[in-house]
Amino acid sequence: MTNNTETDLATPEALMRCFTDRLNAGDLDGLVGLYEPTAVFEPQPGIVVHGHAEIRQALEKLLATDPRITAETVEVLQAEDVALVINEWAMTGTAPDGSQVRQGGRSADVVRQQPDGRWLVVVDKP
């Protein structure tokens with residue numbers, strides 16, 4: 001069961017930790033719940049998906065690789081209820097053909113604080 005309380009999403013850094021935890025747990029519903037309904041996500045260079053339905057499809061494909069990710073927030077630049085979060089991350093998984101997948105780098109996420117205090121992703125560019 002997914003928990004979207006203020007406690008686990010109370011800061012941009014907490015949101016990023018929660019994303020990592022839910023990805024490693026294979027929690028598709030929990031991952032989608034970390035995005036605003038009209039958010040955008042770039043699952044692959046040059047491919048941008050919009051809104052929960054498309055983000056769900058992209059994350060479902062990602063979860064099919066049984067990913068394991070480590071991530072560290074290296075910078076947060078916040079202006080009131082909006083923040084730019086820079087993370088360094090590394091991920092491994094298994095492609096449909098059984099080959100090992102390794103990806104990593106720096107991501108840039110724009111997150112926004114909701115009226116209830118939670119932070120959610122608006123723009124996700126891994």
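Using only Cα atoms, tell me the angle between helix 51-63 and the longest principal axis of the chain; keep it within 0 to 90° and round to the nearest 10.
40 degrees
For the chain, which whole-number percentage of the solvent-accessible area (1.4 Å probe, protein heavy atoms only) is attributable to carbon and sulfur atoms?
Accessible surface attributable to carbon and sulfur in the chain totals 53 percent.
Quick one: angle between helix 12-25 and the longest Cα principal axis of the chain, in degrees between 0 and 90, rounded to 10, please.
Around 30 degrees separate the two axes.
Just check region 16-68 against the gyration tensor rule for me: Cα atoms, a ≥ b ≥ c as the square roots of the eigenvalues, rounded for a/c under 1.5, and otherwise prolate or oblate depending on whether a/b exceeds b/c.
The shape class here is oblate.
For a label point 7 Å from the Cα of Val122 along Cα→C-beta, name the residues of region 16-39 whose backbone N is under 17 Å from it.
Within reach of a label on Val122: 16, 34-39.
How much length is gained if the chain between Val48 and Ser99 is pulled fully straight, taking 0.36 nm per residue apart and subtracting their Cα-Cα distance, in nm to one decimal?
Residue separation times 0.36 nm, minus the Cα-Cα distance, leaves 15.8 nm.
Enter the accessible area per residue of the chain (Å², integer; probe 1.4 Å; all protein chains in place).
In whole numbers, the chain has 56 Å² accessible per residue.
Go through (i) 20, 19, 15; (ii) 23, 15, 14; (iii) 24, 19, 14 and flag the label whose value is the computed semi-axes √(5λ) of the Cα gyration tensor in Å for this structure.
Only one option fits the structure, namely (ii).
Please compute the length gained on full extension between Thr38 and Thr92, using 0.36 nm multiplied by the number of residues separating them and subtracting their Cα-Cα distance.
16.6 nm
The values are calculated or read from the model by the stated rules, or taken from the named source; none is laboratory data. Being a predicted model, the structure only gives us computed values, none of them experimental. No Cβ is skipped: glycine too gets one built from the backbone with ideal geometry, and neighbour counts run over all protein chains shown. Please note that ligands, DNA and RNA were not included when accessible areas were found on the heavy atoms of the full protein model with its side chains. Shrake-Rupley method; radii C 1.70, N 1.55, O 1.52, S 1.80 Å.
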